[in-house]
1. Regarding Ala111, is this residue in contact (Cβ under 8 Å) with a residue 60 or more places away in the chain and either crowded, with 16+ Cβ neighbours inside 10 Å or under 26 Å from Thr25 (Cβ atoms) (or both)?
2. Run Val40 past the list (1) without any contact (Cβ under 8 Å) to a residue 40 or more places away in the chain; (2) farther than 27 Å from Leu251 by Cβ and report the number of the one that doesn't hold.
3. Which of the residues belonging to segment 179-188 are of a type outside the set (A, V, I, L, M), touching a helix residue (DSSP H, G or I) at 6+ places or on another chain (Cβ under 9 Å) and surrounded by fewer than 20 Cβ atoms within 10 Å (Cβ to Cβ)?
4. Where in segment 107-223 are the strands (runs of 3 or more DSSP E), entirely inside, with at least 2 residues that are at pLDDT 95 or above, closer than 27 Å to Val61 by Cα and within 18 Å of the chain's Cα centre (by Cα)?
5. I'd like to check which strands (runs of 3 or more DSSP E) are fully inside segment 1-98 and have at least 1 residues that are surrounded by fewer than 14 Cβ atoms within 10 Å (Cβ to Cβ) and within 19 Å of the chain's Cα centre (by Cα).
6. Hey, among Thr165, Thr169, Thr255, which residue is in contact with an Asp or Glu (Cβ under 7 Å, 6 or more places away or on another chain), free of Cβ contacts under 8 Å to residues at least 60 places away in the same chain and polar (S, T, N, Q)?
7. Considering only residues that are modelled with pLDDT of 95 or more and among the charged types (D, E, K, R), which ones fall in segment 226-269?
Amino acid sequence: MRLRLDLSYDGTAFHGWAAQPGLRTVQGELSAALATVLRVPTVDVVCAGRTDAGVHARGQVVHVDLDEVPELEPLVRRLNGVLPLDVRVRSATEAPPYFDARFGALWRRYAYRIADRAAALDPLTRSHVLAWPRPLDERAMNAASVLLVGRHDFASFCKPREGATTIRTLEELSWERDAAGVLVGTVRADAFCHSMVRSLVGCLIAVGEGRKPVDWADEILRAAVRSSSVPVVHAHGLTLEDVGYPADDELEARTAQTMARRRPEEITG
(Lines give C-alpha, C1' and ligand atoms only; values in the text may rest on other atoms or scores of the structure.)
Protein backbone atom coordinates (compact mmCIF):
# COMPACT_ATOMS: atom_id res chain seq x y z
CA MET A 1 0.00 0.00 0.00
CA ARG A 2 1.25 3.48 -0.83
CA LEU A 3 0.34 6.28 1.56
CA ARG A 4 0.33 10.00 0.89
CA LEU A 5 1.33 12.15 3.86
CA ASP A 6 0.83 15.92 3.89
CA LEU A 7 3.01 17.72 6.38
CA SER A 8 4.29 21.07 7.54
CA TYR A 9 7.52 22.00 9.26
CA ASP A 10 9.52 24.91 10.59
CA GLY A 11 12.89 24.55 8.88
CA THR A 12 14.82 26.74 11.33
CA ALA A 13 16.54 23.92 13.21
CA PHE A 14 16.82 21.48 10.30
CA HIS A 15 19.69 20.86 7.89
CA GLY A 16 17.17 20.62 5.07
CA TRP A 17 14.89 17.78 4.04
CA ALA A 18 17.33 15.08 2.91
CA ALA A 19 18.72 12.67 5.50
CA GLN A 20 22.39 13.26 6.31
CA PRO A 21 24.55 11.30 8.77
CA GLY A 22 24.89 13.07 12.09
CA LEU A 23 22.60 15.97 11.13
CA ARG A 24 18.99 16.71 12.04
CA THR A 25 16.80 16.62 8.93
CA VAL A 26 13.07 16.46 8.22
CA GLN A 27 13.38 13.18 6.33
CA GLY A 28 15.36 11.70 9.20
CA GLU A 29 12.78 12.70 11.81
CA LEU A 30 9.81 11.52 9.75
CA SER A 31 11.43 8.18 8.84
CA ALA A 32 12.34 7.53 12.47
CA ALA A 33 8.82 8.40 13.66
CA LEU A 34 7.23 6.08 11.09
CA ALA A 35 9.57 3.24 12.06
CA THR A 36 8.69 3.74 15.73
CA VAL A 37 4.93 3.90 15.20
CA LEU A 38 4.79 1.03 12.71
CA ARG A 39 7.34 -1.06 14.65
CA VAL A 40 9.57 -1.75 11.67
CA PRO A 41 13.36 -1.29 11.30
CA THR A 42 13.28 1.41 8.61
CA VAL A 43 10.80 3.33 6.47
CA ASP A 44 11.74 5.10 3.24
CA VAL A 45 9.89 8.32 2.42
CA VAL A 46 9.92 10.29 -0.85
CA CYS A 47 9.03 13.98 -0.91
CA ALA A 48 7.74 16.36 -3.58
CA GLY A 49 10.51 18.92 -3.09
CA ARG A 50 13.74 18.59 -1.12
CA THR A 51 13.96 21.86 0.78
CA ASP A 52 17.32 23.34 1.72
CA ALA A 53 18.55 24.01 5.24
CA GLY A 54 16.41 26.64 6.95
CA VAL A 55 13.58 26.53 4.40
CA HIS A 56 10.07 25.92 5.76
CA ALA A 57 7.10 23.99 4.39
CA ARG A 58 3.37 24.44 4.83
CA GLY A 59 2.36 21.94 2.14
CA GLN A 60 5.06 19.31 1.71
CA VAL A 61 3.85 16.00 0.25
CA VAL A 62 5.52 12.61 0.71
CA HIS A 63 4.71 9.04 -0.16
CA VAL A 64 5.63 5.88 1.71
CA ASP A 65 5.13 2.22 0.79
CA LEU A 66 3.92 -0.15 3.51
CA ASP A 67 3.35 -3.91 3.63
CA GLU A 68 0.33 -3.60 5.89
CA VAL A 69 -2.53 -1.09 5.86
CA PRO A 70 -2.70 0.94 9.09
CA GLU A 71 -5.72 2.84 10.36
CA LEU A 72 -5.06 6.30 9.01
CA GLU A 73 -6.52 8.63 11.65
CA PRO A 74 -4.77 6.86 14.52
CA LEU A 75 -1.59 6.84 12.43
CA VAL A 76 -1.63 10.63 12.12
CA ARG A 77 -2.30 11.03 15.83
CA ARG A 78 0.48 8.64 16.81
CA LEU A 79 3.00 10.19 14.42
CA ASN A 80 2.36 13.65 15.81
CA GLY A 81 2.78 12.24 19.30
CA VAL A 82 6.26 10.98 18.39
CA LEU A 83 7.48 13.75 16.08
CA PRO A 84 9.09 16.92 17.44
CA LEU A 85 6.84 19.97 17.53
CA ASP A 86 8.51 21.61 14.51
CA VAL A 87 7.15 18.85 12.22
CA ARG A 88 3.44 18.07 11.94
CA VAL A 89 1.66 15.49 9.79
CA ARG A 90 -1.58 17.12 8.66
CA SER A 91 -3.17 14.13 6.92
CA ALA A 92 -2.60 10.57 5.73
CA THR A 93 -4.52 9.10 2.81
CA GLU A 94 -4.30 6.00 0.67
CA ALA A 95 -2.59 7.11 -2.53
CA PRO A 96 -4.26 6.42 -5.88
CA PRO A 97 -2.57 4.06 -8.36
CA TYR A 98 0.67 5.41 -9.85
CA PHE A 99 0.90 8.28 -7.34
CA ASP A 100 4.48 9.47 -6.89
CA ALA A 101 5.05 12.47 -4.63
CA ARG A 102 8.11 13.58 -6.61
CA PHE A 103 7.66 12.54 -10.22
CA GLY A 104 3.89 12.92 -10.31
CA ALA A 105 3.86 16.60 -9.32
CA LEU A 106 2.81 19.19 -11.89
CA TRP A 107 4.22 22.13 -9.96
CA ARG A 108 5.60 23.32 -6.64
CA ARG A 109 4.61 26.71 -5.24
CA TYR A 110 6.86 28.65 -2.88
CA ALA A 111 6.41 31.97 -1.13
CA TYR A 112 9.22 34.32 -0.15
CA ARG A 113 8.36 36.95 2.48
CA ILE A 114 10.17 40.25 2.99
CA ALA A 115 9.53 42.95 5.59
CA ASP A 116 10.99 46.13 4.09
CA ARG A 117 9.04 48.63 6.21
CA ALA A 118 9.19 49.30 9.93
CA ALA A 119 5.46 48.62 10.34
CA ALA A 120 5.86 45.15 8.85
CA LEU A 121 8.73 44.10 11.13
CA ASP A 122 7.17 41.64 13.54
CA PRO A 123 9.55 39.89 15.95
CA LEU A 124 7.10 36.99 16.18
CA THR A 125 7.66 36.15 12.49
CA ARG A 126 11.38 36.87 12.33
CA SER A 127 12.18 33.19 11.61
CA HIS A 128 9.95 33.19 8.51
CA VAL A 129 10.25 36.69 7.09
CA LEU A 130 13.40 38.40 5.78
CA ALA A 131 13.92 41.81 7.39
CA TRP A 132 15.20 44.16 4.67
CA PRO A 133 16.64 47.57 5.65
CA ARG A 134 15.56 49.50 2.55
CA PRO A 135 12.14 49.95 0.88
CA LEU A 136 11.41 47.87 -2.21
CA ASP A 137 9.33 48.85 -5.23
CA GLU A 138 7.07 45.88 -5.92
CA ARG A 139 5.97 47.38 -9.26
CA ALA A 140 9.53 47.27 -10.57
CA MET A 141 9.97 43.77 -9.15
CA ASN A 142 6.82 42.58 -10.92
CA ALA A 143 7.96 44.13 -14.19
CA ALA A 144 11.28 42.28 -13.92
CA SER A 145 9.54 39.06 -12.87
CA VAL A 146 7.54 38.97 -16.12
CA LEU A 147 10.82 38.69 -18.04
CA LEU A 148 11.73 35.51 -16.16
CA VAL A 149 8.46 33.59 -16.55
CA GLY A 150 8.46 30.74 -19.07
CA ARG A 151 10.64 27.79 -20.04
CA HIS A 152 14.28 28.86 -19.84
CA ASP A 153 17.73 27.72 -18.92
CA PHE A 154 18.05 29.07 -15.36
CA ALA A 155 21.78 28.33 -15.07
CA SER A 156 22.36 31.94 -13.97
CA PHE A 157 20.21 31.32 -10.89
CA CYS A 158 21.28 27.80 -9.90
CA LYS A 159 24.21 26.16 -8.20
CA PRO A 160 25.49 23.84 -10.94
CA ARG A 161 25.44 20.07 -10.54
CA GLU A 162 27.46 17.94 -12.91
CA GLY A 163 25.28 16.32 -15.55
CA ALA A 164 22.07 17.97 -14.33
CA THR A 165 19.89 20.17 -16.50
CA THR A 166 19.03 23.71 -15.41
CA ILE A 167 16.10 24.06 -17.79
CA ARG A 168 12.87 24.71 -15.90
CA THR A 169 9.40 26.05 -16.64
CA LEU A 170 8.69 29.01 -14.36
CA GLU A 171 4.90 29.29 -14.41
CA GLU A 172 4.40 32.19 -12.01
CA LEU A 173 6.56 34.85 -10.39
CA SER A 174 4.75 37.78 -8.80
CA TRP A 175 4.83 40.14 -5.82
CA GLU A 176 2.16 41.68 -3.61
CA ARG A 177 1.82 42.93 -0.06
CA ASP A 178 -0.26 41.13 2.53
CA ALA A 179 -2.48 42.79 5.11
CA ALA A 180 0.52 43.39 7.39
CA GLY A 181 2.52 45.10 4.64
CA VAL A 182 4.88 42.16 4.16
CA LEU A 183 6.03 41.80 0.55
CA VAL A 184 5.22 38.26 -0.58
CA GLY A 185 6.74 36.73 -3.69
CA THR A 186 4.87 33.78 -5.22
CA VAL A 187 7.06 31.42 -7.24
CA ARG A 188 5.58 28.41 -9.04
CA ALA A 189 7.38 26.04 -11.42
CA ASP A 190 7.38 22.45 -12.58
CA ALA A 191 10.53 21.96 -10.48
CA PHE A 192 13.45 23.98 -9.14
CA CYS A 193 17.22 23.76 -9.27
CA HIS A 194 19.32 24.09 -6.14
CA SER A 195 19.10 27.68 -4.74
CA MET A 196 17.02 28.82 -7.73
CA VAL A 197 14.22 30.57 -5.83
CA ARG A 198 16.55 32.41 -3.46
CA SER A 199 18.70 33.56 -6.39
CA LEU A 200 15.65 34.83 -8.27
CA VAL A 201 14.62 36.78 -5.18
CA GLY A 202 18.13 38.20 -4.79
CA CYS A 203 18.04 39.45 -8.38
CA LEU A 204 14.62 41.03 -7.95
CA ILE A 205 15.55 42.74 -4.68
CA ALA A 206 18.33 44.55 -6.55
CA VAL A 207 15.71 45.77 -9.02
CA GLY A 208 13.25 46.66 -6.25
CA GLU A 209 15.88 48.81 -4.54
CA GLY A 210 16.61 50.66 -7.77
CA ARG A 211 20.22 49.47 -7.86
CA LYS A 212 19.54 47.65 -11.13
CA PRO A 213 17.13 48.39 -14.01
CA VAL A 214 14.17 46.14 -14.77
CA ASP A 215 15.79 44.60 -17.85
CA TRP A 216 18.82 43.53 -15.82
CA ALA A 217 16.87 40.42 -14.83
CA ASP A 218 16.59 39.44 -18.48
CA GLU A 219 20.30 40.09 -19.05
CA ILE A 220 21.21 37.79 -16.17
CA LEU A 221 18.86 35.08 -17.43
CA ARG A 222 20.19 35.16 -21.00
CA ALA A 223 23.81 34.96 -19.83
CA ALA A 224 23.07 31.39 -18.60
CA VAL A 225 26.16 31.56 -16.38
CA ARG A 226 26.19 31.83 -12.61
CA SER A 227 27.13 35.38 -11.62
CA SER A 228 28.42 36.69 -8.30
CA SER A 229 26.34 39.82 -8.89
CA VAL A 230 23.20 37.83 -8.07
CA PRO A 231 23.06 37.15 -4.32
CA VAL A 232 21.40 34.11 -2.80
CA VAL A 233 19.12 35.52 -0.09
CA HIS A 234 18.63 33.91 3.31
CA ALA A 235 16.71 30.65 3.49
CA HIS A 236 14.40 31.57 6.36
CA GLY A 237 12.15 33.78 4.21
CA LEU A 238 11.22 30.84 1.96
CA THR A 239 8.29 28.45 2.45
CA LEU A 240 7.04 25.57 0.30
CA GLU A 241 3.32 26.37 0.25
CA ASP A 242 1.79 23.57 -1.79
CA VAL A 243 2.26 21.03 -4.57
CA GLY A 244 -0.08 20.36 -7.48
CA TYR A 245 -0.89 16.96 -9.00
CA PRO A 246 -2.94 15.90 -12.02
CA ALA A 247 -6.18 13.94 -11.88
CA ASP A 248 -5.80 10.34 -10.74
CA ASP A 249 -6.22 8.93 -14.26
CA GLU A 250 -3.34 11.14 -15.48
CA LEU A 251 -0.82 10.23 -12.77
CA GLU A 252 0.81 7.35 -14.63
CA ALA A 253 1.46 9.47 -17.74
CA ARG A 254 2.76 12.39 -15.71
CA THR A 255 5.17 10.23 -13.74
CA ALA A 256 6.52 8.61 -16.90
CA GLN A 257 6.92 11.99 -18.57
CA THR A 258 8.83 13.49 -15.65
CA MET A 259 11.09 10.48 -15.17
CA ALA A 260 11.99 10.53 -18.84
CA ARG A 261 12.89 14.21 -18.70
CA ARG A 262 14.86 14.40 -15.46
CA ARG A 263 16.85 12.22 -13.15
CA PRO A 264 15.68 11.99 -9.51
CA GLU A 265 18.41 14.27 -8.15
CA GLU A 266 17.44 17.07 -10.51
CA ILE A 267 14.08 17.72 -8.86
CA THR A 268 14.72 19.75 -5.74
CA GLY A 269 13.17 22.40 -3.58
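1. Numbers: in contact (Cβ under 8 Å) with a residue 60 or more places away in the chain: yes; either crowded, with 16+ Cβ neighbours inside 10 Å or under 26 Å from Thr25 (Cβ atoms) (or both): yes.
Against the criterion (in contact (Cβ under 8 Å) with a residue 60 or more places away in the chain and either crowded, with 16+ Cβ neighbours inside 10 Å or under 26 Å from Thr25 (Cβ atoms) (or both)), Ala111 qualifies.
2. Val40 satisfies every listed condition except (2).
3. Of segment 179-188, the ones of a type outside the set (A, V, I, L, M) are 181, 185-186, 188.
If we keep only those that are touching a helix residue (DSSP H, G or I) at 6+ places or on another chain (Cβ under 9 Å) too, we end up with 181, 185.
If the condition is that a residue be of a type outside the set (A, V, I, L, M), touching a helix residue (DSSP H, G or I) at 6+ places or on another chain (Cβ under 9 Å) and surrounded by fewer than 20 Cβ atoms within 10 Å (Cβ to Cβ), then Gly181 is the only one that fits.
4. Values: elements: 107-115, 150-153, 167-177, 183-189.
Ranges flagged: 107-115, 167-177, 183-189.
5. Values: elements: 2-9, 45-47, 56-65, 87-94.
Filter on segment 1-98 gives 87-94.
6. On the way: Thr165 fails: free of Cβ contacts under 8 Å to residues at least 60 places away in the same chain; Thr255 fails: free of Cβ contacts under 8 Å to residues at least 60 places away in the same chain.
None of the others qualify; the one that does is Thr169.
7. Glu241, Asp242
The values are calculated or read from the model by the stated rules, or taken from the named source; none is laboratory data. What you are looking at is a predicted structure, and each value in this text was computed from that prediction instead of being measured. Positions of Cβ are generated from backbone atoms using ideal geometry, with glycine treated the same way; all protein chains shown enter the neighbour counts.
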